[in-house]
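K.L.:
The structure follows.
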Amino acid sequence: MSGIGLMMLGPFVPTGGNIAGAFDLDYAYYNPGNEIYYPDSFAYQPAIDNSSGTIVQFNSEVEPMGGFFIDSTGTYLYITGDNSVAGVSGTKQYTMSTTWDVSTANSSTETTISPFGLRGIWFKADGTMMFLTGRNTVTSYDLGTAWDISTYTNETAHASSLFLPSAITGRYLMSPDGTKGYCIYTNGSTQIAITQFTYTTAWDISSISSVYTYEPGVTGNAAPGTTDPPNQQFYFNSDGTILVLVNSSGRRTYSVSTAYDLSSTVTLLNSTVNEPSISGPTYFIQYGSYRYTPFFTGNGLTTPRAKGSSVGMPVYAQSGDTSGVFFKPDGTKMFVSDYVDDKLYTYNLSSAWNLGTIEYQSGKDLSSINTIGQTFFKPDGTQLFISTPSNFYEYALGTAWDLSTATLSNTLTAATIGVSANTIRGIFISADGTRLIFGITGTDAVRQVTLSTAWDLGSTPTLDPDSINVTAKETAITGAWANTDGTKIFVYGTSSNDLHEYDLGTAWDLSTASFSKTFNSNSYIDPGSLSSVYNTFFIDATGSKLFVAAKYAIYSFGMQDRGF
């Protein structure tokens, strides 16, 4: 989703010597400010969050809570209530003195509004319209003053006959252009559905031109055999290509082939159940870069739970089986490989090295080489190198860093270099382009090949007879890396999911290696995101930036002396 600048040439190679703590795991640290982002342009399998969120109760104000909404600035919080005993439904508006922090919500407006039995609330992006769902209706209101619910007028309702007679409706939301609306509902203890409305006039819910019902778990709409429990909440990512269904039992993530159109092909991507939280099995809803857990039985919301939690940058929409990550040396491009789909994805970063600013650019189909692992680029971006379990591949790029211009130029097989097939893991190339370092699974060792011509896999390779046995620390190696001058080797694997550092007494001489230290990166990574096949890593040329690639997420770390 590069800065493997360890391979940069001649005097231009940063050594990391000017950054105290670079290439030293003693100074490795987790970088939560660079991975907490959940830009909803990417779908994700949610991380397990064991942070101690605070529940903010709303029991005496709107009871019981039916749904909530937060505006795009994080300033206003809206909660709907459904008191079926008293026969009263209401919507309450709060202003948060600290944006996105529900613990600072101060009540400002409360309005008793039909329909009866409020379950969901949604707003037009500019705050001039509000939409509420009742037991079997959807109603829209114009707001005379944006975001001020006390100024509502012009009530318009969907006909209840559009839903099943026994339906109980839940959350309602709309596509960004206002031409589609969606309402989730249940007509029993197990059957849930989402009704999709298409409107002739944007934002006018009375102008329905077509209605489609999507039923998760039904063959043809999702993976055969999947059955969702009654879901109370759902949402799309920002481009409408991912649908997420969530409830107290867990969540399911689906791809949508045509943006915001549930009548197109909808495919189950992933699911979780009984996700641990601060109060038993529950779930969270995404708003902006933050996530909140509604407690409908306790009428409460947790405070924002994104900051400080162990959550990586999600790349699941493009890659659900990540096997490698690589950055352009200036940190403005990220490349993520997928070993199941055999694709290499390109992401642009508007702010160098900041995972919160990534934007998906394109994907390169590499199915012809099968089971791609780690990738590595020549520093000028004109050559791409890929490891697979049995081969190394070299591609020439007609335009630097542009995968669409890549053509295969050379293949180096396991047999050619004298190692067993299906054992190669990872790839690293030295700054001068003559040394290729990789891991060997089974024996769990680091090996090295010398190339007679720099950056040319078609030249004569020589396998170094020496190796580094890492079984004392890692028994399922997935990758190896070196610092710029060849005096350190770093190893990662799926048995420990930690990063291990070895010192070399003589540069590039594996026979002089000795174990130095381990960085417990595993403690910062969501266990659910880890793969049993591939988890790997990347270190930039300065030795100060470290990224770990898990199954569907990229985690950011650093290596430098921060003075504390």
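Taken together, the values in this text are just the output of simple stated rules run on the coordinates, not laboratory data. Not measured: the values here are computed from a predicted model. We place every Cβ from the backbone using ideal geometry, glycine too, and count neighbours over all the protein chains shown.
K.L.:
Name the residues whose placed amide hydrogens come within less than 5 Å of the amide hydrogen of Ile242, ignoring near sequence neighbours (fewer than 5 apart) on the same chain.
P.N.:
Answer set, sorted by chain and number: Asn237, Val256.
K.L.:
Quote the FRET efficiency, to the nearest 0.05, computed for Asn422 versus Ser351 with a Förster distance R0 of 56 Å and r equal to the Cβ-Cβ distance. Kindly include the intermediate steps, with their values, before the conclusion.
P.N.:
Values: r = 40 Å, r/R0 = 0.71.
Efficiency at R0 = 56 Å is approximately 0.90.
K.L.:
Further question: I need the calculated FRET efficiency for the pair Thr73 and Asp402, taking r as the beta carbon distance and R₀ as 30 Å, to the nearest 0.05. Provide the component values of the computation, followed by the final result.
P.N.:
On the way: r = 37 Å, r/R0 = 1.24.
For Thr73 and Asp402, the calculated efficiency is 0.20.
K.L.:
Further question on the same structure: Would you mind checking Lys124/Lys551; Lys343/Lys545; Lys364/Lys473; Lys517/Lys551; Lys343/Lys473; Lys180/Lys551 for any pair whose Cα atoms are more than 29 angstrom apart?
P.N.:
Over 29 Å apart, Cα to Cα: Lys124/Lys551; Lys364/Lys473; Lys343/Lys473; Lys180/Lys551.
K.L.:
Where Lys and Arg each count +1 and Asp and Glu each count -1, what net charge lies around His500 among other residues with Cβ under 15 Å from its Cβ?
P.N.:
My count for the surroundings of His500 gives -3.
K.L.:
Place the peptides 142-149, 492-499 in order of packing, highest mean first, counting for every residue the other Cβ atoms within 10 Å and averaging per peptide.
P.N.:
By packing density, highest mean first, the sequence is 492-499, 142-149.
K.L.:
What nm distance separates the two modelled labels at Asp432 and Asp509, each placed 7 Å from Cα along Cα→Cβ?
P.N.:
1.5
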